[in-house]
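Engineer: Structure incoming, see below.
Read the figures in this text as sums done on the coordinates, not as results from a lab. Everything numeric here is computed off the predicted structure, so don't read it as measured data. Cβ placement follows ideal geometry from the backbone for every residue including glycine, while neighbour counts extend to all protein chains displayed.
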Amino acid sequence: MRNDTSLLTTSEEAVTWDDLQQGAGATGPCITLLTSIQEPSAIKTQLKNAVREARRQVADFGADEHLLDPVQDLVSALEIEKRWANALIVLRSPQFFRYWWLRGAFQETVAVGDRFHMRPLFRVMASPQQFYLLAISGKHVHLFHATQHRMERVALDAAEDLREWMNIREPDHELRNRSTAGPSLGTMKGVVFGSNSDQDREDEYLRLFLTSVASAVTKTLREDSAPLILAGVERDVAFYRKANTYPYLLDAAIPGSPDGVPEQQLHDRGWELASQAKPEQLTKALADYERLSGRRRFAIDLREIIEAAFQGRILDLFLQEGASLLGTWDAATNRVSEDGHEDLVNAAAQETVLQGGRAFELPAADMPVKGPAAAALRY
């Protein structure tokens with residue numbers, strides 16, 4: 001008989017801390033499948049191979065072989081879904097079933113144990129999982145919201161075309177006292193120009209139009225902290241930057257007019273820039289670490305950090321990619337024993353989030369200290 005996980009089976013656009021807490025609290029047997037997929041046509045074959053190996057490990061673990069039946073069904077469903085990324089991670093236990101498409105290179109894993117292998121997800125938490133892109137093309141703009149897999153338009157509470165803006169705007173105090181000169185721009189009837197050149201007049205109205213856009217963007221994204229990326233020619237990008245009030249606008253932009261550029265190409269170029277930014281929660285965690293380290297509430301010894309995680313003392317945990325310590329946790333003595341084969345770094349990250357903390361897996365260059373781990377402590 002199949003386990004009923006219909007209420008718990010989801011494919012998410014982004015990994016959340018709630019996801020990590022639920023996964024960390026799952027009871028075994030916990031099955032982790034992480035497979036790299038070079039092209040969409042390889043999905044079925046690679047997943048079938050991963051499921052075959054998982055069935056062997058489930059049998060060795062002494063668990064119910066039907067636990068993998070929904071994962072087998074997923075293989076067929078993904079062919080219909082026609083979604084693809086660089087890697088796919090699947091987590092399955094008797095009461096938990098989630099999967100995520102991932103961007104980037106990940107080591108393939110098939111594991112069955114008392115915990116999920118969740119370190120790839122803690123790596124994901126160290127990078128933005130969504131961004132916004134504002135395409136400024138000539139005299140109109142489009143705002144897009146992007147996840148790892150898709151990009152879609154976001155409506156602004158403002159005119160998104162310069163001509164539309166000119167026809168509905170109130171007379172501007174900056175131009176009110178200027179004398180009439182030269183023809184109007186297209187359908188912009190009644191526009192009052194000064195004695196500047198046509199290019200100066202056009203630049204002035206474009207600047208004011210983009211100021212209106214910037215205000216609408218900030219209003220639309222006021223509850224968000226995802227990176228905002230601009231795409232446009234140098235002049236348009238410069239005008240927008242001067243008017244911008246959204247605090248998460250990236251310094252880097254996609255150069256050139258976005259007119260005629262396929263959305264998938266804009267999406268891919270946007271991810272290249274967004275992936276270089278730090279998400280707000282990581283930035284805050286690093287700042288908290290600096291603050292608490294000045295008060296000596298920190299740890300950098302890996303064994304000490306693992307013990308603190310099991311004791312619920314870690315506020316923020318930073319793990320270097322590749323950090324390793326195998327062993328077991330002795331609950332009777334509250335100590336780490338190296339007599340065992342559990343990935344204690346993976347366990348420490350899960351214990352941290354179970355206790356309401358945050359954990360990130362980072363490249364060596366992004367670690368707050370030189371070494372395999374660092375932690376800001378509650379006490």
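Engineer: Name the trypsin sites (Lys or Arg not before Pro) in the stretch 263-319 that are in a loop by DSSP and that have at most 10 other C-beta atoms within 10 Å, would you?
Structural biologist: Listed in order of number, the matching sites are Arg295, Arg296.
Engineer: Among Ala59, Ala364, Gly28, which residue has its Cα furthest toward the positive end of the charge dipole of the chain, with +1 on Lys/Arg Cβ and -1 on Asp/Glu Cβ?
Structural biologist: Positive-most Cα among the choices belongs to Ala364.
Engineer: As a footprinting exposure proxy, order Met151, Met118 by other Cβ within 10 Å, with the fewest listed first.
Structural biologist: Listed from fewest to most nearby Cβ atoms, that is Met151, Met118.
Engineer: Determine the dipole magnitude for the chain: charges of +1 sit on the beta-carbon of Lys and Arg, -1 on that of Asp and Glu, nothing else is charged, the reference point is the Cα centre, and the result goes in debye to the nearest 20.
Structural biologist: My answer is approximately 580 debye.
Engineer: Going by how many other beta carbons lie within 10 Å of each one, how would you line up Trp100, Trp329, fewest first?
Structural biologist: Listing Trp100, Trp329 from fewest to most nearby Cβ atoms yields Trp329, Trp100.
Engineer: For Asp203, Asp339, what ranking results if the residue with the fewest other Cβ atoms within 10 Å of its Cβ goes first?
Structural biologist: With the sparsest Cβ surroundings first, the list reads Asp339, Asp203.
Engineer: What is the total of Lys pairs in the chain with C-alpha atoms under 22 Å apart, excluding same-chain pairs fewer than 8 positions apart?
Structural biologist: Count of close lysine pairs: 8.
Engineer: What full-extension length gain, to one decimal in nm, is calculated for Asp161 and Gln38 as 0.36 nm per residue of separation minus the Cα-Cα distance?
Structural biologist: Between Asp161 and Gln38, full extension yields 40.2 nm more.
Engineer: As I understand it, the value is the acute angle between the Cα axis of helix 344-354 and the longest principal axis of the Cα atoms of the chain; what does it come to in degrees, rounded to 10?
Structural biologist: 60
Engineer: Would you pull out the residues with amide H under 5 Å of Val154's amide H, same chain only if 5 or more places away, H placed 1.01 Å from N?
Structural biologist: Counting only residues 5 or more places away or on other chains, the set is Leu143, Phe144, His145.
Engineer: For the stretch 100-114, in order, what is each residue's ³J(HN,Hα) by Karplus, 6.51 cos²θ - 1.76 cosθ + 1.60 with θ = phi - 60°, in whole Hz (x at glycine and Pro)?
Structural biologist: Residue by residue, the stretch 100-114 yields 9, 7, 10, 9, x, 9, 9, 6, 5, 9, 10, 9, 10, x, 7 Hz.
Engineer: Hey, what did the stretch 9-124 get for relative contact order, percent, Cα under 8 Å, at least 6 apart?
Structural biologist: 45
Engineer: Using only Cα atoms, tell me the angle between helix 69-81 and the longest principal axis of the chain; keep it within 0 to 90° and round to the nearest 10.
Structural biologist: 20
Engineer: Also, I was wondering about something else. Please give the direction-averaged projected area of the C-alpha convex hull for the chain, in square nanometres with one decimal.
Structural biologist: If you wrap the Cα atoms of the chain in a convex hull and average its projections, you get 23.6 nm².
Engineer: Using a 7 Å offset from Cα along Cα-Cβ at Lys219, what residues in the stretch 133-164 end up with backbone N under 15 Å from the label point?
Structural biologist: Under cut-off, by backbone N: 155-161.
Engineer: Could you pull out the GluC sites (Glu not before Pro) across the stretch 288-378 that fall in loop regions by DSSP (anything but H, G, I, E, B) with no more than 12 other Cβ atoms inside 10 Å?
Structural biologist: none
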